[in-house]
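To keep things clear, I will list the structure first and then write my remarks on it.
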Amino acid sequence: MVSRPIWKGQIRLSLVAIPVELYSTSKAGARLAFRQIHEPSGKPVKYEKVVPGIGPVDADEIIKGFEYEKGSYVLLTDAEIDAVKLKTRKTLELVQFVGACDIDPIYFDKAYYVVPQDELAEDAFRVVRDALRKTQTVGLGQIALRGREYLTALKPCGSGMLLETLHYEDEIRKSDPFFSSIKKAAAEKDLVSVATELIERKSAPFDAGQFKDHYREALRAVVDKKIKSRGKKIRSNKEDPSAAQEKGNVIDLMGALKSSLEKSGGKKKPSPRARKAS
């Protein structure tokens, strides 16, 4: 069953307008969620809206406020916020196109499936999709979604398209404060050579189905076990594997890399460059 769209509007390319719908690509209930519980009573903890010096307040007494200086707020009603008219609330205009690999992954935020609203929109939808695929580009634009305006990238995805929201430049932390203490000297060539061979042996096409959330599965097993034991506490005397590893002797880097190569076994896979050359 297809979920409800989170946005309905149109993609505009020059004079062409395509009615589309957006759907979230991720499942909301895929991860385990916990509630805070009052242990003596076993009842869930609830949260109240509380004003210092006044106490709990009703929801209809609450409006939005922007703190323009410490302790001072300008208040806005829902009507005033809704009155802000943005073209991007219903229209995603493609204003620029860039190479599919030109956007640094650090800018990507969240992805949405894009589908035409009806059969009449499909022809134009397919034209834009196939043109993006042929030129190997993504379309940039902006869209108002859930109370804010996002920079977005539109690209082909199977028979449909994918819309990815991007962070604005001022939302990204600069790397210099984090990387400034790392020495600029290059790594030893012999070490790089061995590491490169290890990487090439382990190289393969990406398949998300090969990876599982082991933490979620282990946590679910603990939950199921406690359900069967009727809520009794489960204790484990097993030593943390990471702690045991820290107690072991430190192996030199070259020895560790060579051991990894031996364990990987098999013949060396040709690098992507070698495959292209052939």
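Could you go through region 62-72 and let me know if any residue there is outside any strand (DSSP E or B), in contact (Cβ under 8 Å) with a residue 12 or more places away in the chain and under 30 Å from Glu48 (Cα atoms). Scanning region 62-72 turns up at least one residue that is outside any strand (DSSP E or B), in contact (Cβ under 8 Å) with a residue 12 or more places away in the chain and under 30 Å from Glu48 (Cα atoms). Set side by side, the residues Ile62, Ile11 differ, and just one is more than 30 Å from Leu132 (Cα to Cα) and of a type in the set (Val, Ile, Thr), which is Ile62. Counting only strands (runs of 3 or more DSSP E) that sit wholly inside region 80-160, those with at least 2 residues that are touching a residue at least 12 places away in the same chain (Cβ under 8 Å) and over 17 Å from Thr25 (Cβ atoms) are 91-93, 96-99, 137-145, 148-157. Could we say that Tyr68 is more than 20 Å from Trp7 (Cβ to Cβ), of a type in the set (Phe, Trp, Tyr) and touching a strand residue (DSSP E or B) at 6+ places or on another chain (Cβ under 7 Å) here? Criteria met by Tyr68.
Does region 23-37 contain any residue that is free of Cβ contacts under 8 Å to residues at least 12 places away in the same chain, outside the structural domain of Asp130 (by TED's automatic domain parsing), part of a strand (DSSP E or B) and surrounded by fewer than 11 Cβ atoms within 10 Å (Cβ to Cβ)? Checked against the condition, which is being free of Cβ contacts under 8 Å to residues at least 12 places away in the same chain, outside the structural domain of Asp130 (by TED's automatic domain parsing), part of a strand (DSSP E or B) and surrounded by fewer than 11 Cβ atoms within 10 Å (Cβ to Cβ), region 23-37 yields no hits at all. Residues in region 174-202 that are farther than 15 Å from Lys263 by Cα and assigned to a loop (DSSP other than H, G, I, E, B): 11 in all.
Only one of the listed residues (Glu122, Glu149) is assigned by TED's automatic domain parsing to the domain that holds Ser14, in contact with a Lys or Arg (Cβ under 9 Å, 6 or more places away or on another chain) and surrounded by fewer than 16 Cβ atoms within 10 Å (Cβ to Cβ). That residue is Glu149.
Regarding Leu145, is this residue closer than 14 Å to Thr88 by Cα and touching a strand residue (DSSP E or B) at 6+ places or on another chain (Cβ under 7 Å)?
Working: closer than 14 Å to Thr88 by Cα: yes; touching a strand residue (DSSP E or B) at 6+ places or on another chain (Cβ under 7 Å): yes.
Yes.
The values are calculated or read from the model by the stated rules, or taken from the named source; none is laboratory data. Only a predicted model underlies this, so the values are computations on that prediction, with no experimental measurement involved. Glycine also receives a Cβ, built like all others from the backbone with ideal geometry; neighbour counts cover every protein chain displayed.
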